[in-house]
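Colleague: Once you've had a glance at the structure underneath, I'll fire off some questions.
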Ligand code: GLN
């Protein structure tokens, strides 16, 4: 199939609540990298109270504890729907606070534990230090291997079972500042602490997610044509192993 014959659907979950530090840039990157190739994008914003239908990519951004509280309850009502979507190969990307809600729970300081939707076998507890700064982490499945971004979180995330790290931290803290892991993956569910926003500075990962979404929709792997990523690569390289 030609790229111009392809279409994917993207849902942005609760943008009015979880959209910290320019996380909307991740949606822009996904849309633009499809548009530049002639791939049609059907885009939907999901707000509190909305029904959710099948999509190829679900995105959720980060937020302060208060916004996470508002989203957690609503997200939980769709838990089993999302499990079904995950098991059909749908792509999920959660950033920071949204990522934390992909696990079993997020335990803030001195507040009720927030139930997560357990798309990832992971849990998060509030730490005593706020991790703020640039992060560089190395993957074992992308070219270039590096992922770069900006972290600002006090939550400490720990991975279990078949949920694997997205990458290994070389600069910064990542999931918990202890085990050198950054982010998480199970099936096509991805979480990361990298804001910045994340995808515009990591074009190779953006394309990887789009290819997974196409494979889920059409049942075949269709490698995307390369784009001129001079600007994206310059932005990416400007952050590698630079803590501030
Ligand atoms: N409130 C969460 C924390 O501090 C998530 C913050 C965020 O999304 N940047 O860990």
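Bear in mind these aren't lab numbers, they're just calculated from the coordinates by the rules spelled out. The structure presented is a predicted model; accordingly, all values stated were derived computationally and were not measured. Counting neighbours? That spans all protein chains shown, and the Cβs are built from the backbone with ideal geometry, glycine included.
Colleague: Residues in the range 76-97 that are farther than 12 Å from residue 189 by Cα and crowded, with 24+ Cβ neighbours inside 10 Å: how many?
Modeller: Qualifying residue count for the region: 2.
Colleague: Please go through (1) within 24 Å of residue 127 (Cβ to Cβ); (2) without any contact (Cβ under 8 Å) to a residue 60 or more places away in the chain; (3) touching a helix residue (DSSP H, G or I) at 6+ places or on another chain (Cβ under 8 Å) for residue 41 and return the number of the only condition it doesn't satisfy.
Modeller: The single condition residue 41 does not satisfy is (1).
Colleague: For the range 56-69, what are the residues that are under 15 Å from residue 98 (Cβ atoms) and either buried (at least 16 other Cβ atoms within 10 Å of the Cβ) or free of Cβ contacts under 8 Å to residues at least 12 places away in the same chain (or both)? Before the answer, list the steps.
Modeller: Taking the range 56-69 and keeping what is under 15 Å from residue 98 (Cβ atoms), we get 57-69.
Of everything in the range 56-69, those that are under 15 Å from residue 98 (Cβ atoms) and either buried (at least 16 other Cβ atoms within 10 Å of the Cβ) or free of Cβ contacts under 8 Å to residues at least 12 places away in the same chain (or both) turn out to be 57, 58, 59, 60, 61, 62, 63, 65, 66, 67, 68, 69.
Colleague: Is one or more of the residues making up the range 69-83 within 13 Å of the ligand (Cβ to nearest atom) and more than 18 Å from the chain's Cα centre (by Cα)?
Modeller: The answer is yes, given that some residue of the range 69-83 is within 13 Å of the ligand (Cβ to nearest atom) and more than 18 Å from the chain's Cα centre (by Cα).
Colleague: Considering only residues that are within 13 Å of residue 197 (Cα to Cα) and surrounded by fewer than 17 Cβ atoms within 10 Å (Cβ to Cβ), look in the range 23-42 and name the one that is farthest from the chain's Cα centre (by Cα). So that I can check it myself, show each step before the final result.
Modeller: Taking the range 23-42 first, the residues within 13 Å of residue 197 (Cα to Cα) are 23-30.
From what's left, surrounded by fewer than 17 Cβ atoms within 10 Å (Cβ to Cβ): 24, 28.
Details: 24: 12, 28: 14 Å.
The residue in question is 28.
Colleague: Is at least one residue of the range 222-236 away from the ligand (no atom under 16 Å from the Cβ), free of Cβ contacts under 8 Å to residues at least 60 places away in the same chain, farther than 22 Å from residue 41 by Cβ and touching a helix residue (DSSP H, G or I) at 6+ places or on another chain (Cβ under 6 Å)? First the steps, then the outcome.
Modeller: To start, the set of residues in the range 222-236 that are away from the ligand (no atom under 16 Å from the Cβ) comprises 222-236.
Now restrict to residues that are free of Cβ contacts under 8 Å to residues at least 60 places away in the same chain: 223, 226, 228-235.
Now restrict to residues that are farther than 22 Å from residue 41 by Cβ: 230, 233-235.
From what is left, the residues that are touching a helix residue (DSSP H, G or I) at 6+ places or on another chain (Cβ under 6 Å) are 235.
Checked against the condition, which is being away from the ligand (no atom under 16 Å from the Cβ), free of Cβ contacts under 8 Å to residues at least 60 places away in the same chain, farther than 22 Å from residue 41 by Cβ and touching a helix residue (DSSP H, G or I) at 6+ places or on another chain (Cβ under 6 Å), the range 222-236 yields at least one hit.
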